[in-house]
Amino acid sequence: YSVYGAYSLAVIDYVASGVVNWIDTPEWDQLMDIVEPYEYRDRLTLPKYILNSTGDEFFLPDSWQFYWDDLIGEKHLRYVPNSNHSMRDTDVIDSMDAWYHSVVHNVPLPRYSWAVSDTGTITFFSLEKPTKVLLWKATNESERNFTQAKIGRSYSSTAISPTAPGVYEIQMEIPASGYVAYYLEAEYESGIPGVPFKFSSGTKVLPDIYEHAWLKTPEESRSR
């Protein structure tokens with residue numbers, strides 16, 4: 001809401017039925033304790049490969065920042081460019097195949113890490129040499145909305161070189177108007193010809209500001 005100034009159309013059924021009116025109430029917290037996967041994170045100790053959409057109708061492209069650091073154990077992330085929530089017509093199945101192959105055949109995964117600074121610098125560190133590292137970015141000159149329904153398949157990629165051995169870094173400038181979303185993606189051999197591992201940093205949006213204020217629904221407006 002703070003980004004769009006309204007709830008996403010993807011959750012219109014929850015809005016129409018009044019579910020969102022209960023956000024930030026004790027009743028809502030009790031519900032989240034049951035249905036929210038984040039609340040079970042202490043049990044999720046197995047290796048994790050999270051595949052997110054850059055143009056998701058439900059989730060913001062930089063939503064990783066609200067849960068990533070709290071996930072325990074081995075974890076990997078990939079933002080699939082030019083995708084919506086369905087990820088239809090993308091290579092997401094290849095990424096799942098490479099991951100599954102590594103689990104079944106005990107294929108060693110590349111050793112890497114990444115960091116996204118508040119000022120917008122993204123740094124990717126890798127002990128193994130990637131076959132390529134790409135900067136993916138998209139712009140919206142009018143609003144902070146990167147859903148595929150709004151900007152189409154407008155993410156484009158540029159290959160970048162290391163700034164030091166095993167280090168890849170990018171700093172984007174704040175655009176003169178609108179917003180830019182971007183992230184780094186590294187590819188590695190997976191053991192399956194033509195199907196690489198693809199891992200990415202989290203997505204950063206600049207300027208990192210919210211134009212709208214979310215207001216809690218008054219108690220008297222909730223139907224019980």
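The values are calculated or read from the model by the stated rules, or taken from the named source; none is laboratory data. Small disclaimer: the values here were computed from a predicted structure and weren't measured. Cβ sites come from the backbone with ideal geometry, for glycine too, and all protein chains shown count toward neighbours.
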Go through the stretch 176-224 and give me each residue that's among the charged types (D, E, K, R), surrounded by fewer than 17 Cβ atoms within 10 Å (Cβ to Cβ) and more than 22 Å from Ile93 (Cα to Cα). Asp208, Glu211, Lys216, Glu219, Glu220, Arg222, Arg224
Which listed residue, of Val195, Val133, Val103, is in contact with a strand residue (DSSP E or B) (Cβ under 6 Å, 6 or more places away or on another chain) and in contact (Cβ under 8 Å) with a residue 24 or more places away in the chain: Val133
Say whether the condition of being among the charged types (D, E, K, R) and in contact (Cβ under 8 Å) with a residue 12 or more places away in the chain is met by at least one residue in the stretch 7-24. yes
Close pairs (6 angstrom Cβ cut-off, 6 or more residues apart or separate chains): touching a residue at least 24 places away in the same chain (Cβ under 8 Å) and in the same structural domain as Leu127 (by TED's automatic domain parsing) in the stretch 158-174, of a type in the set (Lys, Arg) and part of a strand (DSSP E or B) anywhere: Ala159/Lys132
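Could you check, for the stretch 161-168, whether at least one of its residues is crowded, with 17+ Cβ neighbours inside 10 Å and either farther than 28 Å from Ala98 by Cβ or not aromatic (Phe, Trp, Tyr) (or both)?
Checked against the condition, which is being crowded, with 17+ Cβ neighbours inside 10 Å and either farther than 28 Å from Ala98 by Cβ or not aromatic (Phe, Trp, Tyr) (or both), the stretch 161-168 yields no hits at all.
Rundown of residues vs (1) in contact with a Pro (Cβ under 8 Å, 6 or more places away or on another chain); (2) in a helix (DSSP H, G or I); (3) more than 30 Å from Val180 (Cβ to Cβ), yes/no style:
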site: Gly5; (1), (2), (3): no, no, no
site: Ala10; (1), (2), (3): no, yes, no
site: Val20; (1), (2), (3): no, yes, no
site: Tyr40; (1), (2), (3): no, yes, yes
site: Phe59; (1), (2), (3): no, no, no
site: Gly73; (1), (2), (3): yes, no, yes
Are any of the residues in the stretch 139-155 aliphatic (A, V, I, L, M), within 30 Å of Leu9 (Cβ to Cβ) and not in a helix (DSSP H, G or I)? no
Which ones in the stretch 82-123 are touching an Asp or Glu at 6+ places or on another chain (Cβ under 8 Å) and exposed (fewer than 13 other Cβ atoms within 10 Å of the Cβ)? Arg111, Asp118
Can you spot a residue in the stretch 8-31 that is within 24 Å of Ile209 (Cα to Cα), of a type outside the set (A, V, I, L, M) and surrounded by fewer than 13 Cβ atoms within 10 Å (Cβ to Cβ)? yes
Tyr4 is checked against (1) at negative phi; (2) touching a residue at least 40 places away in the same chain (Cβ under 8 Å); (3) loosely packed, with under 13 Cβ neighbours inside 10 Å and fails just one. What number does that condition carry? (3)
Go through (1) at pLDDT below 95; (2) in the same structural domain as Ala138 (by TED's automatic domain parsing) for Gly55 and report which single condition fails. (1)
Of all residues in the stretch 144-185, which are over 20 Å from Asp118 (Cα atoms) and of a type in the set (D, E, K, R)? Lys150, Arg153
